[in-house]
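Worksheet: the structure to be examined is printed underneath.
The values are calculated or read from the model by the stated rules, or taken from the named source; none is laboratory data. Here the structure is a predicted model, which means the values were calculated and not measured. Using ideal geometry, Cβ is built from the backbone for each residue, glycine included, and neighbour counts are taken over all protein chains shown.
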Amino acid sequence: MLATSLTAAVVGVEAHLVRVEADTAAGFPKFTMLGLADSSIRESEGRIRAALRNCGYAFKWDRRITVSMAPASLRKTGSSYDLATAVGLLAADGALRAEPLGDVLLVGELALDGTVRPVAGVLPMMLAARARGLSAAVVPAENAAEAALVAGLRVYPVRSLPDAVGLAGTVDRGDPPAAPPVKLPPRAVADLADVRGQVLARRALEIAAAGGHNLLLSGPPGSGKTMLARRLPGILPPLTPEEALETTAIHSAGGARLDALLTERPFRSPHHTASDAAVVGGGSVPRPGEVSLAHNGVLFLDELPEFKRNVLEALRQPLEDREVTVARVRGRIRLPARFQLVAAMNPCPCGGHGDPRRSCACPPGRIQRYQARISGPLLDRIDLHVDVPALPYTDMAGRRGEHSSVVARRVHEARARQEARTPLTGVLTNADLAGAALLRVARPDPDGRHLLQRAMDQLGLTGRAHDRLLRVARTIADLDHREGVAARHVAEALQFRATRAPTSGL
């Protein structure tokens, strides 16, 4: 007898519906698993055998049993297929009706005693189920809160195989239990007022937040570079409902177990020993990397020159395309990567180069090699370059600066102006302006164009740097409540280009 149940496979950050076809027939006893299943799925036979026996099901194994997972061309990994396979086998054995299984998604790992264990990637699975028109999903109880985030899909939490069989095999399942309210602990947000002095760096942070620009902070150890970077999320606008669902789904696919939508923009800070697959994504089984987990948020790379060269060069494509394309023999996978890059670095290995209060112990050749670890093309993709000098005592003992809430209001107003131009530009932030849209909304006045021409000639700026200068100038004009880009806006944008880190060679 043949029966079909439904589950889902997460590939990258997207889920695809999988049909689990279970067939029992007379013949030599054999269990065959088809459909590009990995070892964790092939091992499910032992888990399912024990779970059926320990839950009291008299399933007959003395025959030819075939389980096929379609589409067969999609590689499947993990243990989330256990529940759908077990229910499908019981339906093929006549222990429950097979017809209701065509409208319900089954997700969960089985323990030997029949307990349904939680799995990763439940949120993108629920989104795929809703997109395919399914009306219900049976999930592990520990995943119920995450699954209930998807509106329009009835979610039934279960703790054991008999509970799942009772729900999956009936048409009238009743109303699912209401998801318990999630009480999140108050999140401590780092305040920009804690940063003393560093007026130029604070201004650069505000411009970066207002326009979505990339930022490089360079200065001696202890000057406040990391402190500044960690306060950027506090002045960024909150996630929109669409961004929150998208961001939460990516983190779910990355293995995080979530109880509520992410409402704060992600802030990811990988260690400099991270591999290119960990940062950009990929691997034998493609998984989202740090650039995708920072989608709609901030990727902070501290000690930038200490990262491996191949890791830094791998960032160039996602910084331009806002996505990562992982190519494998069996196909290509797209991973979203719309993040804001903030990087911090010392001017030299010892950190004393350029600091008038301390001497640098690095030979000139060592400084040059240290600075050369960051390529020009990567630096060209960073809009704002800021020197963060060591603070004198007067600044350390001075008054606190503006609070994040005050700066956030100005950022919100600038973002609102950019959003109002979306019908004209097709983008939400100035950092994404390109082509004709950039020239249409960021063309400077005659004095500004003259200043920009001189800068191009004297500083040897590339065409990419020219466009990024215009984007930054447009953001500065938005913060200045101006419709047009004036020479003073171009001049300030040039300041952040001309005072870039020593690695730039300018």
Scan of segment 202-218 for residues that are touching a helix residue (DSSP H, G or I) at 6+ places or on another chain (Cβ under 6 Å) and either in a strand (DSSP E or B) or at pLDDT below 95 (or both), ordered by number: Leu215, Leu217
Criterion (in contact with a strand residue (DSSP E or B) (Cβ under 9 Å, 6 or more places away or on another chain), assigned to a loop (DSSP other than H, G, I, E, B) and assigned by TED's automatic domain parsing to the domain that holds Gly254) met by exactly one of Arg338, Arg400: Arg338
Quick one: which of Arg316, Arg322 is in the same structural domain as Pro377 (by TED's automatic domain parsing) and over 30 Å from Cys348 (Cα atoms)? Arg322
Give the residue that is surrounded by the most Cβ atoms within 10 Å (Cβ to Cβ), with candidates limited to residues of segment 107-143 that are at pLDDT 95 or above and of a type in the set (Asp, Glu). Glu109
Given (1) of a type outside the set (D, E, K, R); (2) in a helix (DSSP H, G or I); (3) surrounded by 14 or more Cβ atoms within 10 Å (Cβ to Cβ), number of the condition Gln368 does not satisfy: (3)
Of these, Leu391, Leu384, Leu424, which one is within 25 Å of Arg464 (Cβ to Cβ) and surrounded by 14 or more Cβ atoms within 10 Å (Cβ to Cβ)? Leu384
Looking for something touching a Ser or Thr at 6+ places or on another chain (Cβ under 8 Å), assigned to a helix (DSSP H, G or I) and at pLDDT 95 or above - is there at least one such residue anywhere in segment 55-76? no
Just need a number here: residues in segment 278-322 that are more than 14 Å from the chain's Cα centre (by Cα) and without any contact (Cβ under 8 Å) to a residue 24 or more places away in the chain. 4
